[in-house]
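The structure under discussion appears below in the form of structure tokens.
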Amino acid sequence: MSGLKISQLCVQHIGPFDFSISAGQCLVMSGPSGTGKSLLLRAIADLIPHQGHVCLGEQACTQVSPEAWRHDVSLLPAESQWWYDTIGEHFDDFDSELFATLGFDKSVLTWEVSRCSTGERQRLAMIRMLQQQPRALLLDEPTASVDAANTERMENIISCYQQRHDIPVLWVSHQHDQIHRIASRHVILKDNRLVEEPL
């Protein structure tokens, strides 16, 4: 598969940033609150205006529609978004193995979104994202609202997907133990700079 390359990326008050994530690599980003980590991920996903260049392999963000880009370079925010009343309306297919791995059976499709806890919604949002078969993952503290057992399950599923499809992953995390479990590389965003940290 293809790596993710970011060149001279500026968004709002931060940047420019230059870095790359190789295929099959998980780059973990941490740093103080308010430094722009979420802004950076949203810019890479082409969700907000930005300057600079983002490429997945040889394909530039500007060469495809925003919808096609977000299908390939998929963002899972810390608080997942839902548009319909029931869970099932957000899924085209039911992957029983993937749902079961995260503690759900087919009855979850009948649940109202409003009855789900934040952690349940986050686990379901991750399933929804992976079923789209993205070619790069942007994960903004995806397990912040999830208990320890399900955090481990989510980490394992992401790791398996990353390795099976040989894709780049950019994962924002502040959890020291998690960083050491999942990271191929670790950078800290501070004072408008990305500083590589040894693992």
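Computed from the coordinates by the stated procedures, all read-outs in this text should not be read as laboratory data. Quick caveat, the model's predicted, so the values are computed rather than measured. In this analysis, Cβ positions are derived from the backbone assuming ideal geometry, glycine residues included, and neighbour counts consider all displayed protein chains.
General remarks:
- Region 118-190 versus region 21-46: alpha-carbon centroid distance in Å: 12
- What the Kirkwood sum gives for region 62-199 is a hydrodynamic radius of 16.1 Å, with every pair of different alpha carbons counted.
- Once both labels are positioned 7 Å from their Cα atoms along Cα-to-Cβ, the gap between D191 and L109 label points is 5.4 nm.
- Per DSSP, loop GluC sites (Glu not before Pro) in region 35-96 with at most 10 further Cβ within 10 Å: E58
- In degrees, nearest ten, helix 118-130 long axis to first principal axis of the chain (Cα): 70
- Couplings for region 146-161, taken from phi via the Karplus curve 6.51 cos²θ - 1.76 cosθ + 1.60 with θ = phi - 60°, read 10, 5, 4, 5, 6, 4, 4, 5, 5, 4, 5, 5, 4, 4, 5, 5 Hz in order; Gly and Pro are left as x.
- Between A60 and Y84, the simple spin-label model (points 7 angstrom out along Cα→Cβ) gives 3.7 nm.
- Note on K190: lysines with a C-alpha under 19 Å away, same-chain residues under 8 apart excluded, are K37.
- Look at W171, W82, W69 and count the other Cβ atoms within 10 Å of each Cβ; fewest to most, that gives W82, W69, W171.
- If R0 equals 30 Å, the separation of the Cβ atoms of L98 and H180 corresponds to a calculated FRET efficiency of about 0.70.
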